[in-house]
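Read the structure below first, then the notes.
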Amino acid sequence: MSTKPKVAFFDFASCEGCQLQIANLEEEIIGLVDLVDVVEFREVMTEKAPSYDIAFVEGSITRKKDEARLRDIRERSGVLVALGACAATGGLNKLKNVRGNLEQVRRDVYGSDWDRPHLETYATRAVGEIVPVDFQVHGCPINREEFLHVVEAFALGTNPEIPDYPVCAECKIKENVCLFHLGQTCLGPIVRAGCGAICPSNGVGCEGCRGIIPHANRNAMKDVLAEHNLTVEQITEKFNLFPLYPEVTP
Amino acid sequence: MTGKSIRIDNTHISRVEGHGNIVVHMEGDRLDRVEWQIPEAPRFFESMVVGRDWSELSRITSRICGICSIGHTFASQKATEAAMGITITEQTRRLREILNHAENLQSHILHVCYLVLPDLLGVGSVLPLIETHREVVLLAIRLHRLANETCDKIGGRTTHPIRACVNGWSMLPHKKTLGEIRDDHVKALKDLKTLAEFVQSLAHKFPDFERETEYVSLTNPREYALYDGVIKSSDVKEPIQPRDYERVTNEYVDDRSTAKWTRFNRDAYAVGALARFNNNREQLSENAKAIAGQLGLSAPCHNPFMNSVAQVVECVFSAEKTIEHSQWFLDNGIKEEDRGFAVREGRGVGAVDVPRGTLFHDYTYDGKGKCVEANLVIPTNQNHANIQADMEDLVPLIKDMSVEKMNLTLEMLVRAYDPCISCSTHCVDLRRS
């Protein structure tokens, strides 16, 4: 019998782009399946399994009836990893929450059909807001190298190392000119690194997809943005594109 | 066979993007129920974008779909540009075409090689093929990687492109990079030929099933339409302007689905590679036409299983167009361009033929550039009714099969459409009352 860890992938409300990054590992997939047994991955395989050593869950929970499926996965999994921003923080799906009234959201979208039972929805929740999560892989989408590092660490029985310093640190290592000096704005000072400062390196300010670093000084960040002529409304929008306020939860 | 009872309740079918169910209940010759159901959780994107700034719209809507994030980005930016009265430069258009073709190649290779080939080879996933058909898997990975690397080089990231902006790019590739892209795609043509030969050797495994339907795609007098064009239906002579897309899509809510369904001149229509091939085949390159001939694909083709074959043909076309556009940059150079424009009030529609079919984004902006209304119509939504209609015709023809075989055949039918269910439920329209 194989002693390789049994790994499974699941998805809830998401674009499945984080699972796609696994296909995008290209040749390294072959090495990955040498290291672990992929026993369930609906997007790419038909087979299923009763239990898992490591379950990767992509997506947010956006309706009551999906909670049972998530709890069932949790019960049958040794380690449960929230894969990507939607699972880890609720991600962009939480934009629905800041729109306010959910009945209006449903009316907006389905018009006079809004209250048909199969169109139910509730305020978006991260996976960790429903069941205990052992580990989070951040990003929208996830960084493939970081994902490999996480799997390798679990396969070796160690804990993966995920940065708790800001994107700015990686941006400096890349010797990028700071976007604030170029008249743009960026959330790099308060957002978790690990992406290789990919957005600033491509000329676009950090959007915050990897979530906020521990003990970040939000107020100082707001002051910097205000000094660069952003209005309070624009600052709020920047902070809730990806949820950087822990209080934006149901 | 009489007296046979068939009950298929296939929840969350595998090897498709998103969640779909197949339900067949049959007593003897009496077909009680045939349903293609979409239970995917909706995400309410059109509601999310209301009140947001024009500069965020393509960043947000890209996140509708991991596989076709580039198509969403461009449909979104085209809608914003139409609303703001912006005309993009030839440089911007050609770079978008390269990125759009890269996504087409990436998505089609993923579908044909990783999701469809396992059915043709009688296995549950691509993983066992690493042992049994290693050369084919390595070839598929090479092509997939090439497409993704091209996305990285032009868009800054494989999925959810960073550099693509309204009216231009936040960063431009070096001319040298375009040279690499050209040379790599020239080499890839050989791999694509090998792939076509392999698919040809298995083509007899595609079920022999035909149902004529209405085929909808973009069309463009200049070329086989993907990035840009007007709407063409096989049932209508005159082309339809993208801004009049609602005449075509006629969305409605069905109890079987959290995704909206569409209909035009019949109860259902089809979009995607086969629809594009049926509508615009004459504009394919000679090489792509030759591969189509070799694979036994001739228009009009009414066998939905042949969509995967049409995708192989389009892979060849996308690689050739990428070579052509890259060469243009080698001849003409790349220069920094002004991305500035005046924000204004207005409505705009952007249409792009993405891997799974025609995608529409429709935005209305206020004078400050805030989105006040949005409507998004996704290719897979437009295929749901057609999948249902195919199933209703197909089930009586295969009723003597074992339940396992019938289930597999119906799964293969759904997979042939390469459905992107996350997309189709994430995009439902917003109409301000």
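General observations
- B:H108 touching a helix residue (DSSP H, G or I) at 6+ places or on another chain (Cβ under 8 Å) and within 14 Å of chain A (Cβ to nearest Cβ): yes
- The numbered conditions (1) surrounded by 14 or more Cβ atoms within 10 Å (Cβ to Cβ); (2) touching a residue at least 40 places away in the same chain (Cβ under 8 Å); (3) assigned to a loop (DSSP other than H, G, I, E, B) are all true for A:K238 except (3).
- Scanning the stretch A:197-228 for residues that are assigned to a loop (DSSP other than H, G, I, E, B) and more than 14 Å from every other protein chain (Cβ to nearest Cβ) gives A:G211, A:I213, A:P214, A:H215, A:A216, A:N217, A:H228.
To keep it simple, each residue is scored yes or no on (1) charged (D, E, K, R); (2) within 17 Å of the chain's Cα centre (by Cα); (3) assigned by TED's automatic domain parsing to the domain that holds A:L83; (4) under 18 Å from B:T159 (Cβ atoms).
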position	(1), (2), (3), (4)
A:C18	no, yes, yes, yes
A:A23	no, no, yes, yes
A:E26	yes, no, yes, yes
A:I29	no, no, yes, yes
A:L32	no, no, yes, no
A:V38	no, no, yes, no
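- Pair list, Cβ < 6 Å and 6+ apart or interchain, from the stretch B:341-354 residues that are under 30 Å from B:H101 (Cβ atoms) to residues that are assigned to a strand (DSSP E or B) and of a type in the set (G, A, S): B:D353/B:S217
- For A:Y122, the conditions (1) surrounded by fewer than 20 Cβ atoms within 10 Å (Cβ to Cβ); (2) touching a residue at least 40 places away in the same chain (Cβ under 8 Å); (3) away from chain B (no Cβ under 13 Å) are fulfilled apart from (3).
- Among (1) assigned to a helix (DSSP H, G or I); (2) within 19 Å of the chain's Cα centre (by Cα), the one test that B:H302 misses: (1)
- Filter result for B:K405 (farther than 23 Å from A:R42 by Cα and of a type in the set (D, E, K, R)): no
- Search result, residues across the stretch B:313-325 that are crowded, with 24+ Cβ neighbours inside 10 Å and out of contact with any His (no Cβ under 7 Å at 6 or more places or on another chain): B:V313, B:V316, B:F317
- Residue among A:E170, A:E233 that is surrounded by fewer than 20 Cβ atoms within 10 Å (Cβ to Cβ), of a type outside the set (F, W, Y) and either part of a helix (DSSP H, G or I) or modelled with pLDDT of 95 or more (or both): A:E233
- Matching residues in the stretch B:330-374 - criterion: being closer than 30 Å to B:L178 by Cβ and either surrounded by fewer than 14 Cβ atoms within 10 Å (Cβ to Cβ) or more than 27 Å from the chain's Cα centre (by Cα) (or both): B:L330, B:D331, B:N332, B:G333, B:I334, B:K335, B:E336, B:E337, B:D338, B:R339, B:G340, B:F341
- Positions within the stretch A:1-38 being among the hydrophobic types (A, V, I, L, M, F, W, C), more than 9 Å from chain B (Cβ to nearest Cβ), in contact with a helix residue (DSSP H, G or I) (Cβ under 8 Å, 6 or more places away or on another chain) and more than 17 Å from A:I73 (Cα to Cα), in sequence order: A:I22, A:L25, A:L32, A:L35, A:V36
- Scanning the stretch A:39-69 for residues that are over 22 Å from A:H138 (Cβ atoms), out of contact with any helix residue (DSSP H, G or I) (no Cβ under 7 Å at 6 or more places or on another chain) and within 7 Å of chain B (Cβ to nearest Cβ) returns A:R42, A:M45, A:T46, A:E47, A:R63.
- Where A:E75 falls short, out of the listed (1) under 22 Å from A:A155 (Cα atoms); (2) more than 13 Å from chain B (Cβ to nearest Cβ); (3) touching a residue at least 12 places away in the same chain (Cβ under 8 Å): (3)
- Scan of the stretch A:12-56 for residues that are aromatic (F, W, Y) and closer than 30 Å to B:H72 by Cα, ordered by number: A:F12, A:F41, A:F56
- Among the residues making up the stretch B:130-149, a single one is in contact with a Ser or Thr (Cβ under 7 Å, 6 or more places away or on another chain) and buried (at least 22 other Cβ atoms within 10 Å of the Cβ): B:N148.
- Positions within the stretch A:90-106 being at the interface with chain B (Cβ under 7 Å from one of its Cβ atoms), assigned to a helix (DSSP H, G or I) and more than 18 Å from the chain's Cα centre (by Cα), in sequence order: A:V105
Yes or no, residue by residue, for (1) β-branched (V, I, T); (2) within 9 Å of chain A (Cβ to nearest Cβ); (3) out of contact with any strand residue (DSSP E or B) (no Cβ under 7 Å at 6 or more places or on another chain):
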{"residue": "B:G122", "(1), (2), (3)": "no, no, yes"}
{"residue": "B:N148", "(1), (2), (3)": "no, yes, yes"}
{"residue": "B:T158", "(1), (2), (3)": "yes, yes, yes"}
{"residue": "B:V186", "(1), (2), (3)": "yes, no, yes"}
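- Leading residue by the ranking (nearest to the other protein chains (Cβ to nearest Cβ)) among those in the stretch B:230-244 that are in contact with an Asp or Glu (Cβ under 7 Å, 6 or more places away or on another chain) and not in a strand (DSSP E or B): B:D235
The values are calculated or read from the model by the stated rules, or taken from the named source; none is laboratory data. Predicted model only: the values in this text are computed from it and were never measured. Neighbour counts run over all protein chains shown; Cβ positions are idealised from the backbone, glycine included.
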